[in-house]
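Readers should treat all values here as calculations from the given coordinates under stated rules, not as data from a laboratory. Nothing here was measured: the structure is a model prediction, and the numbers come from that model. With ideal geometry, Cβ positions are generated from the backbone for all residues, glycine too; neighbour counts draw on all protein chains shown.
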Amino acid sequence: METRAFGRTGARVPVIGQGTWQMEDDDRAGAIRALRAGLDLGLTHLDTAELYGRGLVEETIVAEAIAGRRDEVFLVSKVMPSNATFSGTLAACERSLRRLRTDHLDCYVLHWPGSHPLEDTVRAFERLIRDGKIRAWGVSNFAVEELEEVLAISGPERIACNQVLYHLEERAIEHAVIPWCERNGVAVVGYSPFGNGRFPSPRSPGGRVLMDIAQDHDASPYQVALRFLVRSPSVFTIPKASREAHARDNAEAGKLHLTPGELRRIDEAFPLSAEPASLPVI
Ligand SMILES: NC(=O)c1ccc[n+]([C@@H]2O[C@H](COP(=O)([O-])OP(=O)(O)OC[C@H]3O[C@@H](n4cnc5c(N)ncnc54)[C@H](OP(=O)(O)O)[C@@H]3O)[C@@H](O)[C@H]2O)c1
């Protein structure tokens, strides 16, 4: 699986990873099998959060999936903004570590901008790094003005990533967020790459383009979409798959290479819309 520098953290991370949101609603054993099959195939960037299933996803799915193979995994979890005071962040991290049955996270992320002072959250993140509980920290759902605010607090080269909504029909981050992150050495982690399950129908004009390109490569339209989404050098994607066949399909996308002409066709079929007033989130 192709890897890239994850911001300025020094870590190299696979361009395609695995999400875990809403897995608590799926067949638990099947989801664990899918995550482990994904790990076998190099999808070692695992994204979770204290929010998911109110801790259940960390405790009963991710912990099981990484049991005995923690060293292979780039493990990311997130703190809820309502917990993101200085002491609240430290405590939330301890709870996630306990549920995940590990002694450290590779990256710890503020799930979205909240009302507690960012200075306190950043100070807690830095304390967690000093204490060896996390290797790096990042943010999620942050627009450029909010990223500027964090940067002013943290100084350069501290924000590892910004995790943001990014799929074929929602490309708003291409206007300002991706360029800002590339200028500042921040990894962009695109979430909901399949629109949270609302993937373009093969009967729609865009869906037909994906299908055409997929057929030329003996690939699936989902693989084509993933490959398009990681065409910029700072971008990663984290599809969620509770079915093993889906995890395998997503891993295979790592081998797919689209030509400049194919990238152009997808770009035209799912055109970038005008810049919205605020950053789209799910
Ligand atoms: N930071 C944030 O605020 C935030 C917000 C949303 C999401 N996220 C993260 O991003 C991850 C991914 O986003 P998401 O969960 O919203 O949805 P998604 O990845 O866009 O879509 C998931 C859906 O696509 C299906 N699928 C996966 N691979 C497929 C394939 N190869 N072929 C056909 N169908 C496939 C899944 O089916 P099965 O599950 O049945 O296999 C599931 O129904 C989340 O799990 C979470 O970790 C973060």
MRE, 222 nm, helices only [DSSP H, n ≥ 4, -39500 (n - 2.57), over the chain, to nearest 500]: -11000 deg cm²/dmol
Simple label model, 7 Å out from Cα along Cβ direction - His175 to Asp218, nm: 4.2 nm
Ala152 paired with Asp26, simple spin-label distance in nm, labels 7 Å along Cα-to-beta-carbon: 4.1 nm
Spin-label pair Met211/Thr85, simplified geometry with 7 Å Cα→Cβ offset, distance in nm: 5.5 nm
Rounded to 5, the percent of DSSP beta bridges in the stretch 111-214 classed as antiparallel: 10 percent
DSSP beta bridges in the chain [antiparallel fraction, %, rounded to 5]: 15 percent
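Between Ser204 and Arg4, take the C-beta separation as r, use R0 = 25 Å, and let me know the FRET efficiency to the nearest 0.05.
Using R0 = 25 Å, I get an efficiency of 0.20.
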Cα centre as origin, Lys/Arg/Asp/Glu Cβ charges: the chain dipole, Debye: 480 debye
